[in-house]
Amino acid sequence: MDEPARPRHMAPVPSETLPGPTAEELMVRVAKGDERAFELLYDQLAGPIYGLVRRIVRDAAQSEEVAQEVLVELWRTATRYAPERGSALNWAMTLAHRRAVDRVRSARASTEREQKATFEAARGRPFDEVAESVTARLERSQVRRCLSFLTDLQRESVLLAYYQGYTYREVAEVLSTPQGTVKTRLRDGLIRLRDCLGVTA
């Protein structure tokens, strides 16, 4: 069934009226396509759902998105709810928890894919471009720590090129070493840095 429009303003309910229907009663009505019941259910569950999602996802904007997705899912899958299996709140919170965890896992996987793509793209490119990419992605302190794992020859080449911006030719001149050897040192040094930083191809 189509998702109902959520009104921005609702008429105030007189305080002397009887208590409203329970979430369980509302779910039964929502399953029959009752949009007014969904509005009432929304008011009851939106706060608890958002609170749970926010604790898991952390980011406010993403938490709002996930909470809305959960409420829409409640509307679309209301016919699956069985009161005898538990409260409507518990059912809604189970959906919210699942959605929130999925969002966190998705974000983490996306970050890992970006890191892999960065180092994959760096293969075969000039060192200056690789260093620029590494600088953009990783904290300098972490790179410095990993430099300690390089050999002396690798480290001095990487330091000259990475921190002082020397070109292949300039590094070769400073170290009185053939350019081909410098390129090999830089390549091997970057590979060891990548492994130290925990990035896999």
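Each reported figure results from applying straightforward, stated rules to the coordinates on display, with no laboratory input. Quantities reported herein were computed from a predicted structural model and do not represent experimental measurements.
Our coupling estimate for segment 85-101, obtained by passing each phi through the Karplus curve with A = 6.51, B = -1.76, C = 1.60 and θ = phi - 60°, is 8, x, 6, 5, 5, 4, 5, 5, 5, 5, 4, 5, 4, 4, 5, 5, 5 Hz, Gly and Pro reported as x. The Rg/Rh ratio of segment 16-109, with both radii computed over alpha carbons and Rh defined as the Kirkwood radius, is 1.01. Across segment 63-71, computed HN-Hα scalar couplings (Karplus, 6.51 cos²θ - 1.76 cosθ + 1.60, θ = phi - 60°) run 5, 5, 4, 5, 4, 5, 4, 5, 5 Hz from first to last residue, x flagging Gly and Pro.
Computed from phi, the 3J(HN,Hα) profile of segment 23-28 under the Karplus parametrisation 6.51, -1.76, 1.60 (θ = phi - 60°) reads 4, 5, 5, 5, 4, 4 Hz, with x in place of Gly and Pro.
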